[in-house]
1. Which order do 264, 395 take by accessible area at a 1.4 Å probe, largest first?
2. Given charges of +1 on the Cβ of Lys and Arg and -1 on the Cβ of Asp and Glu, with all other atoms neutral, how large is the dipole of region 28-123 about its Cα centre, in debye to the nearest 20?
3. If one computes the Cα centroid of region 233-263 and of region 97-166, what distance in Å separates the two points?
4. Keeping all protein chains in position, work out how much accessible area residue 130 exposes to a 1.4 Å probe, and write it in Å² to the nearest 10.
5. Under the rule of at least 5 residues apart or a separate chain, name every residue whose amide H is placed under 5 Å from the amide H of residue 307.
6. Carbon-plus-sulfur fraction of the accessible area of region 43-174, 1.4 Å probe, in percent?
7. Which are the unpartnered cysteines of the chain, meaning those with no other cysteine Cβ under 4.7 Å from their Cβ?
8. Direction-averaged shadow area of the convex hull around the Cα atoms of region 396-466, nm²?
Amino acid sequence: MNFLNVDIPVKNVPELDKGFVPLGLFFKNYQKGAAKPLCIAVERSGGQIGTYETKIYGTPEMEQADAYYVDRLVKFLLWSWGGFKVSICGDDNVAAAIRAAYSEGGSRAFDKGFMEQVYETEFIVESLPYDKKPEAVQRAESIGRHLDGGRIGFDAGGSDRKVSAVLDGEPIYSEEVVWFPKTISNPDYHFEGIMAALSTAAAKILEKGGHVDAIGVSSAGVYIDNKCMVASLFLKVGKDEFDKKVKNIYTRAAEQLSSQLGYHIPVVVANDGDVSALAGAMGLGENGIMGIAMGTSEAVGYVDTEGNICGWLNELAFAPVDGQPDAMEDEWSGDIGCGVKYFSQDGVIKLAPRVGIELTGASPAEKLKEVQALMAADDARAKAVYESIGVYLGHTLGLYAMFYDIRHVQMMGRVMSGKGGDIIMETASRVMDEEYPDVAFRPEAPDEKTRRVGQSAAAASLPELK
């Protein structure tokens, strides 16, 4: 195919989405003729700076391709790394286009506002000469794998909350409770649910003669220094109440339990995607793990090849994967072609009608179950849906490999359950064999040991006892 004057040889196109333009292959083939050096630097909290070296054409005939390439690249880097300052080094025209996009009323105004909320500072785009580009500053930190003492692990999901009590690395109790955090506007509801879980697990540790030494929390959203900056779990909570009662909700819960027990209990809060990657790393006994959970959205976490987390957002649900001009729009961000519409129940719901499946469920989860039931009965239409998602995934893992050093990718979430999940992984592996032979890993399901570690038990290992 040809896209913006760039020839892209594509062997695998999704049967149910013939217009799909794999962004990884566009990036790769665009680069073949580019010669003008460009560096993109993204600054985030603590003075950390990520830098990405690339090249553009800088010619009139490739002006549109240059603008599109840098727009998608900046967008990907922001949702991967996170940041509040973008430096475009080497081309004033491209920098001006990015600055216009990330302005009030610009095409990326949502992204600008989101990053300002996360980092609590103004979002800036600047233009610098290439020879004035910033130096990279990265500070990865070790995550989890601490098994000593009595630990509570809490996993806050959108439909249920899980808690584990762990004594010297052995889970002694776990429970799963249905709750409705996304539909409740009173944050006291969330706090009381968290406290109920922590208190139950603490009681189990004390019954065994143990001491509650630490609390680890796995929670959807963006967390900086244990503070909740943005999280869909608290979607209905107003800003004033969020700032007063949600931002420090987990540290408040730890303080209350500490007060009840009469001694200080440290708490560490991490994004649920990173904790899922940690569970995979603990199960496999390896590093360089990306975890991808395909459920209500696409949740991604990453543990680097040294066993550390990098302080990145890893919110790849909102990173672009598809270049087609009429790709599906994400209602939240207003952008098109982003992972959430490909690697979640939305992706299944998008494709099912294209093959004649009429969905009658009231909720997205119910609609997904309808397709899963058809797949369980070997319905050819349902198979076509999962095969198309597998093609999406194969191409997108090739894209992710351009930005992450990955040794294993573990696929999780309700979309991956049953026969459909097997088809997705088989198809993605075949696409990677044919289109990305230089990428060593292939998607895999968590093994039994990883499943036994579990999200809440992995969360329990987060704090290091001093």
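The values are calculated or read from the model by the stated rules, or taken from the named source; none is laboratory data. Small disclaimer: the values here were computed from a predicted structure and weren't measured. Heads up, the Cβs are rebuilt from the backbone with ideal geometry, glycines too, and the neighbour counts pull from every protein chain shown. These area figures cover heavy atoms from the full protein model, side chains too; ligands, DNA and RNA do not enter into them. Shrake-Rupley method; radii C 1.70, N 1.55, O 1.52, S 1.80 Å.
1. Details: 264 145, 395 5 Å².
The ranking, largest first, comes out as 264, 395.
2. Details: 11 positive and 13 negative charges, 73 e Å.
Roughly 360 debye for region 28-123.
3. Rounded to whole Å, the Cα centres lie 20 Å apart.
4. Rounded to the nearest 10, that gives 80 Å².
5. 288
6. Details: 2710 of 5640 Å².
Using a 1.4 Å probe with all protein chains present, region 43-174 comes out at 48 percent carbon and sulfur.
7. 228, 310, 338
8. On the way: hull surface 25.7 nm².
Convex hull of Cα atoms, orientation-averaged projection: 6.4 nm².
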